[in-house]
Amino acid sequence: MSTETGAIHRFYATVAQSAFENSAALRQFSGRRHASVRQDFASLDKEIIQMRGRQVAQECKRLARPPAGTSGTRVADKTEMELLNLLIPQQRPRVPVRQMLRRAGRAIQELKPCFMMGPQAVAQFLAPGHLHFDIVVMDEASQLRPEEAIGAIARGSQLVVVGDPKQLPPTSFFSRVSAADGDGDDGLGPLTTTEAESILDVCISHFQPVRTLRWHYRSRHESLIAFSNHHFYRGDLVVFPSPYPKSKSLGLRYQHVADGVYENQMNHVEARRVVDAAVDHILNRPDDSLGIVTLNIKQRDLVAELLEERLRVLPEAVDFKERWEAEGMGLFIKNLENVQGDERDCIYISTTFGKARGTDVVRQNFGPISRDGGWRRLNVLFTRARKSVAVFSSMRPEDIVVDNKTPEGTRALRNYLEYARTGVLPVERETDLPPDSDFEIAVMDVLRGRGYEVEPQLGVAGFRIDIGVKHPVHRSGYLAAVECDGASYHSGVSVRDRDRIRQEILESLGWRNRIWRIWSTDWFRNPLAETDRLLKFLDDLRQQQVPDEYLIAEMAPAPAYAAPPSGDVDQDDERPEDLVFENDEDELEAEIGDLVTFAPADALDKELQARITARQTNPDLGLVAETTPLGSVLIGSTVGETVVLRVPGKAPQSFVIQGIKRSVDETVQ
């Protein structure tokens, strides 16, 4: 260290020491004690919420003053509590619900002040002017017409309207249209759909400001929500990053059904592929719930029929169905219009449409998707999954023609297929943003000095982890998250947001027991001790069993025969043809060390081969690094899949994966 640098260091050290001595808060701060306080707060906060619910119920019970009502010898003469006391012991009261609410409504409201009803039930069971409520809350208001909502609104003093204007609006399924307009591809025959204004639209235009719920909880991998967040929500959603790489069981995948034929508003080949995948899911992923969505009714019925036939002879299907039905997440097969409000761990999408028999083009009519507001239907569909989405499509993105007159829904469908196939969106996990502070830089320098690869400001949309530590073996995933008490921590609107909810969301995505927090006061006081504690935490994580999410998506370290990380490859090194490979497997996903056979989509007879390596690229030996444009599209691909190579300044090239051979690593065996 030079004399000048040493003088600067001593100056700032003196300033920091003076700040600690003159501030009781800094002098008395202890990171361990503060962590204990945060843990106690999180536990007490959840306990208070539970107690608050019981308190509200107890307070409602204490304040309840149900009217006694009138008695009489006949049941028809009894009202209010007199009627309820008569009916409560009966297993099957013979008084209809509407009559019960009319004659004993005020007593019921005193005992149970919260009614949960749909607008039709309100009109059917609550007589006008008989019962009044302090507040009316309307959920899923985007699907409710004003004329259907007005009856419920009139029965309350205050109104709260909740909904998503980007999802399904009110729809009329039985509006007659001409045959020319109605023989489209929506599977409804002469019936079509027309949209109407919703009560949510009315309220948004009349009441300001509109409050927006921005935190997105459902998706366990950012790729599931990235498309909708970018195209429909202008990037306003706050999405939390997952520590796991994208895989067959996590994230979005695209399966091209090359031989699919669209005929009579059905696609039999695609339906069978979906059913095969559903059976495989039931056998191999019984711990994940499943939902199947098609883009029209006829395809839904076809998939349901084929799947029912397959499951009759599958004993495991009974256990799968019973288990998830008991949890309220049963296997469903629905068309696009009926899936709003549902969510499952895994969603299979059959895009249904494709080339007709004997033709080489896709008809540019996609039913309700091509009509006004069709993009909303797609937004509903794209956001149903918690863990993974598999898109089965007989169409490639380029089969959908886009020009200035293309409906927004059709354009969204094409863009989604392109995103599902390539995974390319201007939304990245690694933000390329600099660290928030010199404190974070110091922590990163220490980690890099110990051989860890780190990423500052790890995030996807609106939320960032200060430092992401790459997994030393499974490089596309993360070993741990390091949080510093910088801008991200202090940006929490409330203590609950900052010290409990955000961490619980991260833990639910897979970061549980993998988040390490460093307090700046502790770091400045004793950086060596804090460094030792951090490194011990990371070393302990490295010794733990690798989560299945890594094993499914990733591979072991580069095989023993991989080229060295630097320098020229010796002429005596093994060539790909000298290696021993396992037999081909249709379900293999290309990994480092695999020999991948592929061909241009427009010239399938011109086979090419490449062995994927960790870092080395050598065209003469057929080696391609996973970080190159070609390696990045080959990694994770499956046999029969079409991948798109994009190189700046060149036209995109499509390749069909024809074979994957996995090497046998004798050192592992």
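Residues of the stretch 140-149 being at negative phi and in contact (Cβ under 8 Å) with a residue 12 or more places away in the chain, which ones? Break it down into steps so the answer makes sense when it comes.
First, pick out the residues of the stretch 140-149 that are at negative phi: 141-149.
Hits for the stretch 140-149 are Ala141, Ser142, Gln143, Leu144, Arg145, Pro146, Glu148, Ala149.
Only one of Ser18, Ser43 is outside the structural domain of Gln124 (by TED's automatic domain parsing), surrounded by 11 or more Cβ atoms within 10 Å (Cβ to Cβ) and under 30 Å from Ala529 (Cβ atoms); which? The match here is Ser43. Among the candidates Asp539, Asp573, Asp594, the residue that is surrounded by fewer than 12 Cβ atoms within 10 Å (Cβ to Cβ) and either over 30 Å from Thr14 (Cβ atoms) or at pLDDT 80 or above (or both) is uniquely Asp539. Taking the conditions exactly as written (on the phi < 0 side of the Ramachandran plot, touching a Gly at 6+ places or on another chain (Cβ under 7 Å), hydroxyl-bearing (Ser, Thr, Tyr) and part of a loop (DSSP other than H, G, I, E, B)), does Ser242 satisfy them or not? Yes, satisfied.
Which residues, counting only those in the stretch 611-624, are buried (at least 21 other Cβ atoms within 10 Å of the Cβ) and of a type outside the set (Lys, Arg)? Ile612, Thr613, Leu623, Val624 - these are the residues of the stretch 611-624 that are buried (at least 21 other Cβ atoms within 10 Å of the Cβ) and of a type outside the set (Lys, Arg).
The residues of the stretch 456-495 that are among the charged types (D, E, K, R) and at pLDDT 75 or above, listed by number, are Arg464, Asp466, Lys470, Glu483, Asp485. In a residue-by-residue description of the stretch 648-664, the property of being at pLDDT 85 or above, part of a helix (DSSP H, G or I) and either out of contact with any helix residue (DSSP H, G or I) (no Cβ under 7 Å at 6 or more places or on another chain) or among the acidic types (Asp, Glu) (or both) applies to no position. Assessment of the stretch 284-293 against the conditions (buried (at least 19 other Cβ atoms within 10 Å of the Cβ), touching a strand residue (DSSP E or B) at 6+ places or on another chain (Cβ under 9 Å) and polar (S, T, N, Q)) yields at least one matching residue.
One residue is enough: does the stretch 126-143 have a residue meeting the conditions in a helix (DSSP H, G or I), out of contact with any Phe, Trp or Tyr (no Cβ under 8 Å at 6 or more places or on another chain) and more than 26 Å from Arg376 (Cβ to Cβ)? No, the stretch 126-143 has no match at all.
Search the stretch 69-85 for residues being part of a loop (DSSP other than H, G, I, E, B) and touching a Gly at 6+ places or on another chain (Cβ under 9 Å), and hand back the single one that is farthest from Ala127 (Cα to Cα). Lay out the reasoning, then the answer.
Step one: filter the stretch 69-85 for residues part of a loop (DSSP other than H, G, I, E, B), giving 69-74, 78-79.
Those left that are additionally touching a Gly at 6+ places or on another chain (Cβ under 9 Å): 78-79.
Details: Lys78: 18, Thr79: 15 Å.
Once the filter is applied, the top-ranked residue is Lys78.
Can you name the residue in the stretch 356-367 that is at pLDDT 85 or above and crowded, with 19+ Cβ neighbours inside 10 Å and, of all such residues, is nearest to the chain's Cα centre (by Cα)? Among those that are at pLDDT 85 or above and crowded, with 19+ Cβ neighbours inside 10 Å, it is Phe366.
Can you name the residue in the stretch 259-273 that is of a type outside the set (Val, Ile, Thr) and in contact with a Lys or Arg (Cβ under 9 Å, 6 or more places away or on another chain) and is also farthest from Pro397 (Cα to Cα) among such residues? First the steps, then the outcome.
Initially, the stretch 259-273 is screened for residues of a type outside the set (Val, Ile, Thr), giving 259-260, 262-268, 270-273.
Subsequent filtering for residues that are in contact with a Lys or Arg (Cβ under 9 Å, 6 or more places away or on another chain) retains 260, 262-266.
Working: Gly260: 15, Tyr262: 16, Glu263: 20, Asn264: 22, Gln265: 20, Met266: 19 Å.
By that ranking, first place goes to Asn264.
Looking only at residues in the stretch 421-450 that are over 24 Å from Gly636 (Cα atoms), in contact with an Asp or Glu (Cβ under 8 Å, 6 or more places away or on another chain) and not in a helix (DSSP H, G or I), the one that is modelled with the highest pLDDT is Pro435. Every condition in (1) out of contact with any Pro (no Cβ under 9 Å at 6 or more places or on another chain); (2) not basic (Lys, Arg); (3) not assigned by TED's automatic domain parsing to the domain that holds Ile153 holds for Ile108 except the one numbered (1). Please work out which one of (1) modelled with pLDDT under 85; (2) out of contact with any Pro (no Cβ under 7 Å at 6 or more places or on another chain); (3) not assigned by TED's automatic domain parsing to the domain that holds Phe463 is the condition Ala553 fails and give its number. Here Ala553 clears every test but (2). When every residue of the stretch 86-94 is checked against the conditions, at least one turns out to be modelled with pLDDT under 90, surrounded by 13 or more Cβ atoms within 10 Å (Cβ to Cβ) and not in a helix (DSSP H, G or I). Check whether at least one residue in the stretch 197-216 is at pLDDT below 55, assigned to a loop (DSSP other than H, G, I, E, B), loosely packed, with under 14 Cβ neighbours inside 10 Å and not basic (Lys, Arg), and report yes or no. The answer is no; no qualifying residue exists. Given the criteria within 27 Å of Gln58 (Cα to Cα), buried (at least 19 other Cβ atoms within 10 Å of the Cβ) and of a type outside the set (Lys, Arg), does Ala141 qualify? Here the answer is no, as Ala141 does not meet what is asked.
Annotation note: Cβ proximity below 8 Å between a residue of the stretch 63-90 that is over 15 Å from Arg102 (Cα atoms) and a residue that is β-branched (Val, Ile, Thr) and modelled with pLDDT under 90 (sequence gap 6+ or interchain) occurs for Leu86/Val75. Looking across Glu418, Glu453, one residue alone is at pLDDT 85 or above, more than 23 Å from the chain's Cα centre (by Cα) and under 28 Å from Arg646 (Cβ atoms). It is Glu453. Pairing each residue of the stretch 203-214 that is more than 17 Å from Ile150 (Cβ to Cβ) with any residue that is of a type in the set (Ser, Thr, Tyr), provided the two are 6+ apart or on different chains, yields C-beta distances under 9 Å for Arg214/Tyr233.
The values are calculated or read from the model by the stated rules, or taken from the named source; none is laboratory data. Small disclaimer: the values here were computed from a predicted structure and weren't measured. Note: ideal-geometry Cβ built from the backbone for every residue, glycine included; neighbour counts use all protein chains shown.
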